[in-house]
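The values are calculated or read from the model by the stated rules, or taken from the named source; none is laboratory data. These numbers were taken from a predicted model, which means no experiment stands behind them. Here the Cβ positions follow ideal geometry from the backbone for every residue, glycine too, while neighbour counts run over all protein chains shown.
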């Protein structure tokens, strides 16, 4: 029943986006509050505490500012575009799963089993392409493919986090990019060149660092360890980049033509893509089973995300215009006047520290982005977005209680601190140094 209610909120948001009826806005806010109350008891302790505090603070700020019911409803609904994206995007994985694309990826990865550098490059490249579509689920899928290869835990921790950290930087299908572009009012088209450039920097740097460390390891495959590749596997692997590129191109082009929110366009694509695939293949029964599985298993697991996104959005919007919010804005402007490098380091360190103590990045980004004025900071919206995304990516890898770090830690059976700091600390230090230097130069 909860799954139907959460999905109903997503569809109601999409309707409200196009209809723009005040009564729908109020109905949507009421539904969001019900979802928040229903999910908070099922969430983990840390997100539950912080979400409750943020929601209560949002109420206090709203009352002190003397805002009416419509303003409060708008604030409560402010992060529903992101929540809708988060809930619906897993639907994109269904055609790839039914089409056998994951099986074909496994065949190619198995061929690299005795070549650490090639295997590392293969895993990071797969996550670079699948991450934007499948989000955090791409790590779980790749691990399921590789579980029988008995790969070293430290090796997997590096490969998974290097590969997925690139997704956080550029994918319009990922909530991190969505929330940043939403609050800074940046179009995906103008952001993509920056995002992909920094993502490729992360990908290349991670592979180079691994290659330097693994120089003494044997790189040749023996002939008997090659896995035969069928023509259908070659066909699928050739098709996969084009399908992903087509999805990206369609949504980006639609944004430039319609000027609709990219979050809405991606959510619509997530609904339509399985339907189009069903018409093309006529495999309606397998498709129905996968959608039922998604409804019954994936949607009910999103309690932490539901309460964090709703409360962070409400808090961030109600916080705007307060004396404390204005003080944060003034502080950041003064910091930027002294040095943009100092400002970028402040954002990076703040994001990492706050995430380390258990607060999700969406909270600090909502607070900072709603108070930031790129013109007052003396920079462009795109550069400011890149600074935030660089900090978000680093915090996701380092924080021992971030969902991405926790997932990898669980899969490879190493502690969160080990995989964050010991396995990937040098990598993050290198890419963050290069990234901030480049952003400061272009700024």
Matching entry among 106, 82, 112 (being part of a helix (DSSP H, G or I) and either surrounded by fewer than 21 Cβ atoms within 10 Å (Cβ to Cβ) or modelled with pLDDT of 85 or more (or both)):
106
Considering only residues of the stretch 139-167 that are part of a helix (DSSP H, G or I) and at pLDDT below 85, which is nearest to residue 398 (Cα to Cα)?
140
Determine, yes or no, whether residue 29 is in contact (Cβ under 8 Å) with a residue 12 or more places away in the chain and either in contact with a helix residue (DSSP H, G or I) (Cβ under 8 Å, 6 or more places away or on another chain) or buried (at least 17 other Cβ atoms within 10 Å of the Cβ) (or both).
yes
Of the numbered conditions (1) in contact (Cβ under 8 Å) with a residue 24 or more places away in the chain; (2) within 20 Å of residue 362 (Cα to Cα), residue 424 fails exactly one; give the number of that condition.
(2)
Every listed condition ((1) surrounded by 24 or more Cβ atoms within 10 Å (Cβ to Cβ); (2) more than 14 Å from the chain's Cα centre (by Cα); (3) closer than 30 Å to residue 311 by Cα) holds for residue 156 save (3)
From the list 126, 142, which residue is within 22 Å of residue 234 (Cα to Cα), without any contact (Cβ under 8 Å) to a residue 40 or more places away in the chain and surrounded by 24 or more Cβ atoms within 10 Å (Cβ to Cβ)?
142
Hey, can you tell me all the residues within the stretch 333-357 that are under 25 Å from residue 401 (Cα atoms) and surrounded by fewer than 17 Cβ atoms within 10 Å (Cβ to Cβ)?
349, 350, 353, 356, 357
Before we move on, is residue 326 exposed (fewer than 15 other Cβ atoms within 10 Å of the Cβ) and modelled with pLDDT under 85?
yes
Being surrounded by 18 or more Cβ atoms within 10 Å (Cβ to Cβ), modelled with pLDDT of 90 or more and over 23 Å from residue 150 (Cα atoms) is the filter here, so list the residues in the stretch 420-443 that pass it.
427, 428, 431, 432, 435, 436
When you go through (1) at pLDDT below 85; (2) surrounded by fewer than 21 Cβ atoms within 10 Å (Cβ to Cβ); (3) assigned to a helix (DSSP H, G or I) one by one for residue 417, which number turns out not to apply?
(1)
